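*Asks:* This structure is in structure tokens; I'll ask about it shortly.
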């Protein structure tokens, strides 16, 4: 028997067969576009459902870490600010006092 050949030409990919943009199910039912604000809110709510929210213990631990680092950095910056302020005042006092 001879090999059968495809007389219609090359087979098209699935993406090439589409004739236009795909409409959402809600747009197909009503035949009109949705309000952009309601669409935004619905999509936002859908995305927020996908979020992995931290547990109460994780939230407290991370909050305490942020507060601790903030306190340490404020003390660090206060210390060096006091040193530099006093140094500048001492230098200016000697220059002006001459």
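*Asks:* Give, in nm to one decimal, the length gained when the segment between residue 33 and residue 90 is fully stretched (0.36 nm per residue of separation minus the Cα-Cα distance).
*Replies:* Here the segment from residue 33 to residue 90 would lengthen by 13.3 nm.
*Asks:* Quote to one decimal, in nm, the extra length available between residue 43 and residue 64 on full extension: 0.36 nm per residue of separation minus the C-alpha distance between them.
*Replies:* 4.3 nm
*Asks:* Then there is this: Could you list 69, 51 so that the one with the fewest beta carbons within 10 Å of its beta carbon is first and the one with the most is last?
*Replies:* 51, 69
Only the coordinates and a few stated rules stand behind these numbers; no lab work does. On a predicted model such as this, the values are computed, not experimentally measured, just so you know. We place every Cβ from the backbone using ideal geometry, glycine too, and count neighbours over all the protein chains shown.
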